[in-house]
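The values are calculated or read from the model by the stated rules, or taken from the named source; none is laboratory data. Small disclaimer: the values here were computed from a predicted structure and weren't measured. Neighbour counts run over all protein chains shown; Cβ positions are idealised from the backbone, glycine included. Just the protein is used for accessible areas: all its heavy atoms, side chains included, with ligands, DNA and RNA removed. Shrake-Rupley method; radii C 1.70, N 1.55, O 1.52, S 1.80 Å.
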Amino acid sequence: MKTSPLRRDENLLKLSRDHHAGLLFCWKIRQGVKYHIAIERIIQYVKYFWDHHFATHFKEEEEFLFTQVRDQEVQKALDDHQKIKTFVDQVSVSGMEKEEDVLLELADTIGDHIRYEERVLFPHLQEKLSQEQLKKIGEQIIEEPLTDNYEDEFWKKPTSL
């Protein structure tokens, strides 16, 4: 018997929209590496995206959503967050070895994490949390849409390729 996926609760939609922007972030990194763009340009974007988007997104999930249920699914998400934070710190250090490999691993780690939250964790939490709990979470999340206004569009195919 095939089961249909749960609809995303309206109180978690902002986090899901952030996830879409996060997947686009991963694509941009992969494109930059593919086109052999100067690593420093990509690293600057990683720093920008962390400071303007991921840091706030992670904080909202950790403070408002993950505190509601403590189980192995939530712990995996918390562990992923710590791993991603460590990667961002590593990427931010100039002169790292195998820079392109590290950037691609960062993109893969974030992409895998987002898919985990969307496919496993959010449906799990929607089943565990009451509508009242979800509503309170939704009220705490900043509704400002995540916009990526980064000016250096390094991910675009260079005309010389």
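What residue, among those in segment 125-146 that are assigned to a loop (DSSP other than H, G, I, E, B) and touching a residue at least 12 places away in the same chain (Cβ under 8 Å), is most open to solvent (accessible area, probe 1.4 Å)?
Ranking the qualifying residues of segment 125-146, first place goes to GLU143.
Across segment 13-29, what is the number of residues that are among the aromatic types (Phe, Trp, Tyr) and within 9 Å of the chain's Cα centre (by Cα)?
Total meeting the criteria: 1.
Which of the residues belonging to segment 30-67 are under 13 Å from the mean Cα position of the chain (by Cα), crowded, with 17+ Cβ neighbours inside 10 Å and of a type in the set (A, V, I, L, M)?
Scanning segment 30-67 gives a single hit, VAL46.
Would you mind stating whether LEU146 is among the aliphatic types (A, V, I, L, M) and under 14 Å from ILE42 (Cβ atoms)?
So LEU146 does not fit the description; no.
Return the residues of segment 90-124 that are closer than 21 Å to LEU78 by Cα, among the hydrophobic types (A, V, I, L, M, F, W, C) and either in contact with a Leu (Cβ under 7 Å, 6 or more places away or on another chain) or not in a helix (DSSP H, G or I) (or both); say none if nothing qualifies.
VAL91, ILE114, PHE122, listed by residue number.
Check off (1) modelled with pLDDT of 95 or more; (2) surrounded by 13 or more Cβ atoms within 10 Å (Cβ to Cβ) for GLN75 and give me the number that stays unchecked.
(2)
Hey, can you tell me all the residues within segment 98-124 that are among the basic types (Lys, Arg) and either crowded, with 18+ Cβ neighbours inside 10 Å or over 22 Å from HIS53 (Cβ atoms) (or both)?
Scanning segment 98-124 gives a single hit, LYS98.
Can you tell me which residues in segment 80-97 are touching a helix residue (DSSP H, G or I) at 6+ places or on another chain (Cβ under 9 Å), open to solvent by 60 Å² or more (accessible area, probe 1.4 Å) and farther than 16 Å from TYR45 by Cβ?
Once the filter is applied, which keeps residues that are touching a helix residue (DSSP H, G or I) at 6+ places or on another chain (Cβ under 9 Å), open to solvent by 60 Å² or more (accessible area, probe 1.4 Å) and farther than 16 Å from TYR45 by Cβ, segment 80-97 yields only LYS83.
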